[in-house]
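Chemist: Before I ask anything, let me first share the structure, which is written out below as structure tokens.
The values are calculated or read from the model by the stated rules, or taken from the named source; none is laboratory data. Please read these numbers as outputs of a predicted model, since none were measured by experiment. Heads up, the Cβs are rebuilt from the backbone with ideal geometry, glycines too, and the neighbour counts pull from every protein chain shown.
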Amino acid sequence: MTVTRVIPKMNGESTLTIDRAEWNPVERIVERLSGRVMIHDHRSAGAFHGRHFVPVPHYLLELEADPDQIDQIIEKIDPLVNEIIVRNIHTNTVPAQA
């Protein structure tokens, strides 16, 4: 079974930039639970890997696991993925006008 999660890299107020090494703990947890995760860094909007169109640059997480394991894996990695996002989000600032 495969499930996906799209993580937009930007919105009007912030930009998300995640270094590749940040994903290592997620990959280790998934592998330990006999799953496989692919983390794609899509630098433009588009439809990739046969998935739906995403209108902004984004990260795409594809999790493959036995259907009996998928919920357990998601339960373990979701808090970690959310922490990674919070750690790497940057608020866009607008310079003050004189």
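Chemist: When residues of segment 71-92 are filtered for being surrounded by 12 or more Cβ atoms within 10 Å (Cβ to Cβ) and either within 14 Å of the chain's Cα centre (by Cα) or assigned to a loop (DSSP other than H, G, I, E, B) (or both), how many remain?
Modeler: 10
Chemist: Do we find a residue being in contact with a strand residue (DSSP E or B) (Cβ under 9 Å, 6 or more places away or on another chain), basic (Lys, Arg) and at pLDDT below 95 anywhere in segment 51-74?
Modeler: yes
Chemist: Looking for whichever is hydrophobic (A, V, I, L, M, F, W, C) and out of contact with any strand residue (DSSP E or B) (no Cβ under 6 Å at 6 or more places or on another chain) here; the options are Ile29, Ile7. Which one fits? Walk me through it before giving the result.
Modeler: Numbers: Ile7 fails: out of contact with any strand residue (DSSP E or B) (no Cβ under 6 Å at 6 or more places or on another chain).
From the options Ile29, Ile7, the qualifying one is Ile29.
Chemist: Do any residues in segment 28-39 that are over 18 Å from Leu60 (Cα atoms) have Cβ atoms under 9 Å from those of residues that are assigned to a loop (DSSP other than H, G, I, E, B), where the two are at least six apart or on different chains, and which pairs are they?
Modeler: Close Cβ pairs satisfying both conditions: Leu33/Ala65; Leu33/Gln69; Ser34/Ala65; Ser34/Asp66; Ser34/Gln69.
Chemist: I need the full set of residues from segment 40-72 which are in contact (Cβ under 8 Å) with a residue 40 or more places away in the chain, closer than 20 Å to Ile84 by Cα and touching a Pro at 6+ places or on another chain (Cβ under 9 Å), in order please. Reasoning before the result, please.
Modeler: Of segment 40-72, the ones in contact (Cβ under 8 Å) with a residue 40 or more places away in the chain are 51, 54, 56-67, 70.
Those left that are additionally closer than 20 Å to Ile84 by Cα: 56-63.
Correct list: Val56, Pro57, His58, Tyr59.
Chemist: Right, another one. Filter segment 84-98 down to residues that are at pLDDT below 80 and among the aliphatic types (A, V, I, L, M) and give me whichever is nearest to Trp23 (Cα to Cα). Can you show your working first?
Modeler: Our first condition is that a residue be at pLDDT below 80; within segment 84-98, this holds for 92-98.
After this cut, where a residue has to be among the aliphatic types (A, V, I, L, M) as well, the list is 94, 96, 98.
Details: Val94: 30, Ala96: 36, Ala98: 42 Å.
Once the filter is applied, the top-ranked residue is Val94.
Chemist: Still on this structure, please answer the following. Can you give me the number of residues within segment 4-31 that are in contact with a helix residue (DSSP H, G or I) (Cβ under 9 Å, 6 or more places away or on another chain), under 23 Å from Pro67 (Cβ atoms) and loosely packed, with under 14 Cβ neighbours inside 10 Å? Write out each step before concluding.
Modeler: We begin by selecting, within segment 4-31, every residue in contact with a helix residue (DSSP H, G or I) (Cβ under 9 Å, 6 or more places away or on another chain); these are 5, 7, 16-19, 22-23, 25-26, 29-30.
Filter once more, so that each one left must be under 23 Å from Pro67 (Cβ atoms): 5, 26, 29-30.
From what's left, loosely packed, with under 14 Cβ neighbours inside 10 Å: none.
The qualifying residues number 0.
Chemist: May I pose another question? Hey, does segment 50-70 have a residue that's surrounded by 12 or more Cβ atoms within 10 Å (Cβ to Cβ), in a helix (DSSP H, G or I) and over 15 Å from the mean Cα position of the chain (by Cα)?
Modeler: Yes, because at least one residue in segment 50-70 is surrounded by 12 or more Cβ atoms within 10 Å (Cβ to Cβ), in a helix (DSSP H, G or I) and over 15 Å from the mean Cα position of the chain (by Cα).
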